[in-house]
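Heads up: the structure comes next, in C-alpha cells.
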Amino acid sequence: MRTTVPNGSGTTTPIPLVAETLRSTTLFSAFPDAHLEAVARFSRLASFSPEEVLFREGEPCSAVYCCISGLVKLYLLGSDQHEKALEFVGAGQTFAEAAMFSGQGYPVNAVALDVTRLVAIDAFSLMRHLRQHPELTWQMLAVISRSLHALVGQIRSVSLHSAEQRVASYLLANHDPEEPALPIGGNPSRRSELASMLGLTTETLCRVIASFRRRGWIETADHQIVVSEPDALQDTLKRPRR
C-alpha cells in the first residue's frame, strides 16, 4: 500500500501529511481519518508559477484542488477576451469540486497569481470513492451548496450595492474575527484583479480603499489589508444605496 504521494519535484510526501492538509479544508473536514488517507493516496502535490494556467473552461475535470499556499484566480473570458474575475482561492480552500459532479468540464478558467502549491486530487478516483461511500457524498454536496449560496450573495452584492458597500462586503467576508490583526485572506496583489471581481474600475476601488484608510477602518501595506473597524464596515452595508 502506497504511503507517500509524489510532489512533482522528484521526491515524495507522506500520506498522513497530505491527509492533514485535506482535513484543514471545509470540504473534507468531516471525513473520517481512514477516508482522508484513502483520498490522499490518489492525490499528488503540484506547484505552479505566477501566470501559469491550471485549467481552461470546457476542459474535462481531471482533478479537484486544495490550495496549500499562494493564490489562484478563477475567471471567465468574454467574447472580446476580456477577463471577469469570479473568485480568488487561497490557502486552505478547495476548488473545482462542483465541476467534478457536473460531468460537463470546468466551467471557468484557473490561473496561479503567485507561486502556488496545491494538492491535486484525481477526480475519477474521488468520484469512485464517493459512490462507494454515499454518506460522504452528502457531506460534500452540503459544503458545495453553501459555497453556491455565497456566490449568489456575491452576485447580489455586485448588483445591488454601491462601490463602498461592495468593498466593505468583500473585506468582511475575508476578515477573520478570531485573528483580527492578520491581513484579509485571498487578496490579490494587483488591485485590477480585485476590481474585476467586484465589478468596479481600478480607480474606483483605489478611491474607496483610500477613503476607508483615512477613516481608520482599515490599514494597508503593499497589497495587504487589515480590517481595523469591522463594525464600521458592517454599518456601511446597512445604509441605503446612493
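Quick note: the coordinates plus some simple rules give every number you see, no bench work behind them. Keep in mind the model is a prediction, meaning the values are calculated, not measured. Quick reminder, even Gly has a Cβ in these numbers, built from the backbone with ideal geometry, and neighbours come from all protein chains shown.
Could you tell me which residue out of Ile209, Ser162, Ser49 lies farthest along the dipole of the chain toward its positive end? Charges go on the beta carbon: Lys and Arg +1, Asp and Glu -1, centred on the Cα centre.
The Cα lying farthest towards the positive end belongs to Ser162.
I need the shape label for region 187-240. Rule: rounded when a/c is under 1.5, else prolate if a/b > b/c, else oblate, with a, b, c from the alpha carbon gyration tensor.
It is oblate, given that a/c is not under 1.5 and a/b is not larger than b/c.
Using just the helices of the chain, give the 222 nm mean residue ellipticity in deg cm²/dmol: DSSP H runs with n ≥ 4 each add -39,500 (n - 2.57), and the total is spread over all residues, rounded to 500.
-13000 deg cm²/dmol
Given +1 on the Cβ of Lys and Arg, -1 on the Cβ of Asp and Glu, and no further charges, what dipole in debye does the chain carry about its Cα centre, rounded to the nearest 20?
480 debye
Which of the peptides 187-198, 76-87, 116-127, 169-180 is most tightly packed, and how do the rest follow, going by the mean number of other Cβ atoms within 10 Å of each residue?
Taking the mean over residues of other Cβ atoms within 10 Å, the ranking is 116-127, 187-198, 169-180, 76-87.
I need the calculated FRET efficiency for the pair Lys84 and Gln132, taking r as the beta carbon distance and R₀ as 41 Å, to the nearest 0.05.
0.60
Pull up all non-local amide H partners of Ala63: gap of 5 or more, or a different chain, and H-to-H distance under 5 Å with H placed in the peptide plane.
The answer is Ala123.
Anything in the chain that counts as a DSSP H helix reaching 30 Å or more along its axis (C-alpha) with Kyte-Doolittle mean of at least -1.0? List them, would you?
Working: long enough: 134-160 (39 Å, 0.61).
Span-like helices here: 134-160.
Only Cα pairs under 8 Å and at least 6 apart count here; give the relative contact order of the chain as a rounded whole percent.
18 percent.
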